[in-house]
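Structure, as structure tokens:
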Amino acid sequence: MITGFDTVLVAQGPVPTAIERFFDRWSARWPQPRIATVGEASGEFLPWTPGAMTWAESTDEVYVARDQEMLAHWDEFGYALDIREEGPFALMYEPAEWRSLKALAQCR
């Protein structure tokens, strides 16, 4: 069962730099997230260490869990939230083919 919602993230610069920046900030919430990528041959969940992962420049999928406990919960219950009301997530990315973007932000 998939729960939650998707969010589109637009980041400037090379894909590896944007992903490292994302996990650098996310690690303030989850200090030792476990990460696996589809592009990685092993698909094994590893602790995130800044600068240690190799990120594909093209399209890839990254699966993220807070810790080993969340990984076990994920195996049994899928994307359902755990007792801390947190759940794993997937980050799917691809580089944009355009050089610029015009956007209009609307405040509600």
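Every number in this text was worked out from the coordinates using simple rules, so none of it is lab data. For clarity, every value in this text was computed on a predicted model and none was experimentally measured. Here the Cβ is made from the backbone with ideal geometry for all residues, glycine too, and neighbour counts use every protein chain on show.
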**Cβ-based exposure ranking for 98, 26, in which fewest neighbours within 10 Å come first** = 98, 26
**Prompt:** the chain: D in µm²/s via Stokes-Einstein (Kirkwood Rh, Cα pairs, 25 °C, 0.890 mPa s)?
**Reply:** 160
**Message:** Spelling out what I want: for every residue of the stretch 86-97, take phi, set θ = phi - 60°, compute 6.51 cos²θ - 1.76 cosθ + 1.60 (Karplus), and round to whole Hz; glycine and proline get x.
**Reply:** 10, x, x, 9, 10, 10, 10, 9, 7, x, 6, 8
**Asked** Hey, what do the phi angles of the stretch 60-67 turn into as Karplus ³J(HN,Hα) couplings, whole Hz, using 6.51/-1.76/1.60 and θ = phi - 60°, x for Gly and Pro?
**Response** 7, 10, 10, 10, 10, 10, 4, 6
**Request:** Would you mind calculating the relative contact order of the stretch 6-93 from Cα pairs under 8 angstrom and at least 6 residues apart, reporting the percent as a whole number?
**Result:** 26
**Item:** Degrees, to the nearest 10: 68-77 long Cα axis against longest axis of the chain
**Value:** 90
**Request:** For helix 15-26, report the angle its Cα long axis makes with the longest principal axis of the Cα atoms of the chain; keep it between 0 and 90° and round to the nearest 10°.
**Result:** 50
**Net charge of Cβ neighbours under 14 Å - reference residue 82; Lys, Arg +1; Asp, Glu -1** = -3
**Message:** Testing the spin-label approximation: label points 7 Å from Cα along Cα→Cβ at residue 7 and residue 52. State their distance in nm.
**Reply:** 2.5
